[in-house]
1. Would the stretch 273-372 count as rounded, prolate or oblate if I go by the C-alpha gyration tensor, calling it rounded below 1.5 in a/c and otherwise prolate when a/b exceeds b/c, oblate otherwise?
2. Express in whole angstrom the spacing between the alpha-carbon centres of the stretch 88-140 and the stretch 274-299.
3. Output the 0 to 90 degree angle, nearest 10, between the alpha-carbon long axis of helix 98-108 and the longest principal axis computed from the alpha carbons of the chain.
4. Once you have a ≥ b ≥ c as the square roots of the Cα gyration tensor eigenvalues for the stretch 205-364, tell me rounded if a/c is under 1.5, and otherwise prolate or oblate according to whether a/b is larger than b/c.
5. Would you tell me the accessible area of Ile381, worked out with a 1.4 angstrom probe on the heavy atoms of the protein chains, in Å² to the nearest 10?
6. At a Förster radius of 51 Å, what calculated FRET efficiency corresponds to the Cβ-Cβ distance of Asp175 and Gln305, to the nearest 0.05?
7. With a 10 Å cut-off between alpha carbons and a GNM built on the chain, which of Pro121, Pro43, Pro100 moves the most?
8. Find out how many positive minus negative residues lie around Val172, taking Lys and Arg as positive, Asp and Glu as negative, among other residues whose Cβ is under 15 Å from that of Val172.
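The values are calculated or read from the model by the stated rules, or taken from the named source; none is laboratory data. Just so it is clear, the model here is predicted, and its values are computed rather than measured. A quick note on method: Cβ atoms are made from the backbone with ideal geometry, for glycine too, and the neighbour counts reach across all protein chains shown. To get the accessible areas, we keep the full protein, side chains included, count just its heavy atoms, and leave off ligands, DNA and RNA. Shrake-Rupley method; radii C 1.70, N 1.55, O 1.52, S 1.80 Å.
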Amino acid sequence: MTRPLLGCIADDFTGATDLANNLVRNGMRTVQTIGVPQDDAAPVQADAIVVALKSRTIAPTDAVAQSLEALRWLQAQGVQQIYFKYCSTFDSTAEGNIGPVTDALLDALDSRFTIACPAFPENQRTVFKGHLFVGDQLLSDSGMRNHPLTPMGDANLVRVMQQQTRRKVGLVAYDVVAQGPDVIRARFAALQAEGVQIAVLDAISNADLQHIGPALTGMPLVTAGSGIAIGLPQNWQITNAAADGLPSATGLRAIVSGSCSVATNGQVLRFQLSGRPSFAIDPLALARGDDVVAQALAWAAPLLQDGPVLVYATAEPEAVKAVQAQLGVAAAGELVEHALAAIARSLVDAGVRQLVVAGGETSGAVVQALGITQMVIGPQIEPGVPWTSARSGENTLHLALKSGNFGSPDFFTQAFAQLHE
Ligand SMILES: Nc1ncnc2c1ncn2[C@@H]1O[C@H](COP(=O)(O)OP(=O)(O)O)[C@@H](O)[C@H]1O
Ligand SMILES: O=C(O)[C@@H](O)C(=O)COP(=O)(O)O
């Protein structure tokens with residue numbers, strides 16, 4: 001029997017598959033659950049478990065409660081280390097939730113020290129001198145400054161984290177990280193002597209992640225994006241073969257997109273320019289009570305045989321702001337998420353079995369609407385996005401949950417080309 005070693009709590013669903021993908025590619029057999037499994041669920045046979053929550057933008061008290069529930073379940077599975085996964089762009093609301101959840105997990109684990117590091121160099125997320133870069137831009141100059149739910153206006157992670165936690169935040173800068181695990185550990189000790197309990201780590205390459213991994217051996221809680229996972233499996237000398245094979249793909253193909261991130265806007269445009277069919281959801285029509293879900297399905301039905309088809313609410317920042325000004329930020333988000341989730345369910349009812357969902361919150365809504373409880377991680381499509389398979393009622397689906405800012409411009413067509421029928 002395989003005892004799980006690493007227990008992960010992901011604050012959104014695309015983030016969970018991103019993390020599971022990095023663990024699988026680095027040799028850990030990984031199971032991803034949707035939400036916290038029931039107490040009577042069978043014990044998990046895997047090296048790592050990722051519990052996917054939809055806790056990034058909810059009230060901090062709810063995010064803390066859900067994360068602690070996940071922690072208790074993971075502890076009951078016997079895991080040796082907890083990994084709190086957040087976004088590589090450190091997506092937070094004004095209230096959190098990265099800081100409050102980190103505080104609560106440290107308290108519950110009776111631990112006095114952890115790290116914070118969203119670096120994911122393969123996806124151009126690097127941290128230098130405590131500042132987060134997205135490609136060549138500071139976080140605060142990137143498209144993330146216009147995110148519909150978690151606009152990020154400060155790239156200084158020590159400052160951002162310090163605003164969210166009652167613990168003292170410090171920095172392990174690049175000159176230390178580059179010298180390897182022993183020097184990193186010595187810096188952890190020096191910071192702790194100064195009263196620091198959360199250390200932001202610089203990292204600009206996979207080599208840095210491999211230096212950081214061993215320095216985290218035995219640390220009860222790690223908080224990070226998915227990149228740090230690349231350096232962890234070596235701590236348990238794990239060398240399993242990579243990704244699970246997925247069953248052959250069947251059925252019709254569709255894309256549902258609720259991400260308004262820069263990369264997704266580009267992918268929607270590229271899909272349209274390639275001559276493929278797409279249907280735009282108008283949030284104001286939803287708010288008026290129009291039956292947009294039925295309209296989208298009526299549009300898609302005759303086109304699905306020659307799919308993939310795209311149903312999207314994706315829009316540029318000015319359009320999103322105009323909608324939010326009329327409906328409110330949270331209400332607009334929820335309205336669109338519910339509509340896209342209902343459309344995804346109708347598409348599956350109509351025979352779609354290969355589904356790409358763009359957007360973290362959107363993926364959360366879709367996966368919950370499809371009644372999925374567990375996902376098998378398959379081969380990587382592009383960094384941070386694997387194909388997965390999951391049971392939805394009687395059906396087996398192939399699902400790709402694409403983080404808003406991940407993927408090349410051709411992602412929507414490339415993804416299907418990689419599935420074997
Ligand atoms: N046209 C729109 N106007 C307002 N809000 C929108 C629109 N399209 C999508 N949204 C909302 O924006 C949010 C996007 O978040 P998410 O799905 O996590 O994408 P990302 O992965 O890019 O962060 C969702 O809550 C979604 O419902
Ligand atoms: O770490 C990342 O960037 C992703 O795994 C992730 O969490 C992205 O979230 P969304 O952009 O909301 O999809």
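1. Taking the square roots of the gyration eigenvalues as a ≥ b ≥ c, the stretch 273-372 is prolate.
2. Using only Cα atoms to place each centre, the spacing works out to 36 Å.
3. Approximately 50 degrees, to the nearest ten.
4. Working: a/c = 2.57, a/b = 1.66, b/c = 1.55.
Verdict is prolate for the stretch 205-364.
5. Only protein atoms counted, so the area is about 20 Å².
6. Once rounded, the FRET efficiency stands at 0.30.
7. Among Pro121, Pro43, Pro100, the largest GNM mean-square fluctuation belongs to Pro43.
8. That works out to -1.
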